[in-house]
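Have a look at the structure below, then the notes.
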Amino acid sequence: MIHSHSFNRVEINISALQANFQSIQNVVGPQIKIMAVVKSDAYGHGLVECAEALYRAGAGTFGVAEVWEGIKLRRAGLQGDIVVLLGGSRDSHEDIIKYGLAPVVFDMDYLSGLSQEAARMNADVKVHLKVDVGMGRIGVMSHEFESCVALIKRLPGISLAGILAHFPVADEINSMQTTNGQLSDFKNILAALKLNESGEVIAHMANSAGIIYFPESHFDMVRPGISLYGYYPAAASARAKTAAPALDLQPVMSFKTRVIQTKDVGPGYGISYGHTFVTRRKSRIAVLPVGYADGYLRILSNRAQVLVGGKRAPVCGRVCMNATIVDVTDLPRVNTGDEVVLMGRQNEEEITADEIAEWMETISYEVLCLFGSFNERIYV
Ligand SMILES: *Cc1c(COP(=O)(O)O)cnc(C)c1O
């Protein structure tokens with residue numbers, strides 16, 4: 001028999017994902033639509049599996065980064081609106097039309113090309129016009145906005161389905177004023193255009209931070225990403241829980257491996273490459289078959305902890321390409337084959353993506369994308 005599975009596995013808890021969606025819907029209220037942001041392989045959780053589960057939970061709109069992700073969803077049979085957050089390229093017009101995708105637009109030359117192709121194919125492409133009210137990323141500037149809307153209305157084969165903006169600092173408590181300013185700029189733009197009278201053009205601005213901290217930013221639709229996967233933006237979960245007490249999030253991803261060897265070594269014994277860890281006492285160590293090639297990055301060397309038998313064990317020495325060593329001297333006896341939780345819950349203990357992000361000097365988003373994209377995923 002071929003042993004075809006890795007020791008390492010990322011587990012995706014689909015019912016936690018659906019419960020998070022439901023909880024977000026409860027917080028924003030039933031009138032507000034939700035664009036489930038499933039870009040980048042659903043933050044490492046699996047594009048198709050998550051989109052399908054979210055559709056079953058009631059999501060009607062999905063946000064992907066690029067056109068190919070939208071195609072992948074359509075080929076899997078996904079219904080609903082698919083918004084391409086980075087927009088299309090000049091060679092993707094046909095795909096956008098054929099697969100019924102709605103690109104975010106911010107470039108009028110691109111839009112003219114798309115319109116020509118849509119007219120030629122006798123199609124109607126829905127677009128979402130993005131305005132930059134201070135993100136400093138994609139979007140037309142506020143002063144260009146009106147003329148862009150006028151152009152979209154004139155172009156054959158194109159209809160304006162949405163208007164959006166994005167928050168850069170909505171998760172930062174010291175930047176409330178900035179965010180409120182951006183919110184009122186966006187409101188002014190909407191008011192000047194009187195777009196919502198017909199109800200056909202939907203306005204959307206809120207990411208997870210907007211959903212939690214700025215109820216006024218919910219407009220017609222919200223765009224949660226990280227909160228769907230069970231995390232609060234920027235790890236400020238204590239503050240978030242006060243701001244949105246009804247929001248109840250559970251991590252969706254866990255990352256597990258198994259012990260492949262245990263051994264007892266004396267004091268003064270160097271562990272792993274570079275001997276950056278030397279035992280100070282008689283020690284019991286356990287070798288894990290996971291390393292930076294699995295997204296368990298080298299920066300976790302001598303910093304991270306893992307769970308074995310429901311207890312924390314520190315990583316000692318350098319994380320290698322496919323191996324990591326942990327010190328289990330203080331734990332009840334650990335054996336080869338024991339389950340190890342690198343991220344997730346084991347009995348009463350839990351290691352979250354936020355905690356790992358701190359060790360890695362990054363944010364939970366990056367941890368989830370890393371672990372998810374390097375490892376076999378199991379849906380539970
Ligand atoms: C990624 C993204 C989101 C989701 O942001 P979270 O902080 O993960 O909730 C929303 N809107 C846009 C335009 C995005 O690119």
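The values are calculated or read from the model by the stated rules, or taken from the named source; none is laboratory data. Every value quoted in this text rests on a predicted model; they were computed, and no experiment measured them. Cβ sites come from the backbone with ideal geometry, for glycine too, and all protein chains shown count toward neighbours. The protein model used for the area step is the full one, side chains on, heavy atoms only, and it has no ligands, DNA or RNA in it. Shrake-Rupley method; radii C 1.70, N 1.55, O 1.52, S 1.80 Å.
Worth a mention:
- Choice from Tyr55, Tyr273, Tyr229 with maximal GNM fluctuation in the chain (Cα, 10 Å cutoff): Tyr273
- Amide H within-cut-off set for Glu11, under 5 Å, with H built and near neighbours excluded: Ser254, Phe255, Lys256, Ile378
- For the chain: accessible area per residue (Å², 1.4 Å): 45
- Candidates Ile189, Ile173, Ile211, ranked by Gaussian network fluctuation over the chain, Cα under 10 Å, top entry: Ile173
- Separation between Cα centres of the range 6-37 and the range 227-300, rounded to whole Å: 24
- Close amide H contacts of Val125 (hydrogens built in the peptide plane, cut-off under 5 Å, sequence separation of 5 or more or a different chain): Ile158, Ser159.
- On the chain, 49 percent of the accessible area sits on carbon and sulfur atoms, based on a 1.4 Å probe.
- For the range 79-142, averaging the sequence separation of C-alpha pairs within contact (under 8 Å, six or more residues apart) and dividing by the residue count gives a relative contact order of 31 percent.
- Percent of Cα-Cα distances greater than 36 Å, calculated over the chain: 33
- Backbone geometry of the range 271-276 corresponds, through the Karplus equation with coefficients 6.51, -1.76 and 1.60 at θ = phi - 60°, to 3J(HN,Hα) couplings of 10, 6, 3, x, 6, 6 Hz, x marking Gly and Pro.
- For the range 253-351: rounded, prolate or oblate by the Cα gyration tensor [a/c cutoff 1.5]: oblate
- Listed pairs Lys33/Lys72; Lys39/Lys256; Lys39/Lys194; Lys33/Lys241 exceeding 26 Å between Cα atoms: Lys39/Lys194
- Of the GluC sites (Glu not before Pro) found in the range 300-354, the ones in coil according to DSSP and having at most 16 other Cβ atoms within 10 Å of their Cβ are Glu348.
- For the chain, the longest site-free run once trypsin sites (Lys or Arg not before Pro) in DSSP loop states with at most 12 other Cβ atoms within 10 Å are removed: 1-89
- GNM remark for the chain: springs join alpha carbons under 10 Å apart, and the peak mean-square fluctuation among Leu114, Leu164, Leu190 falls on Leu190.
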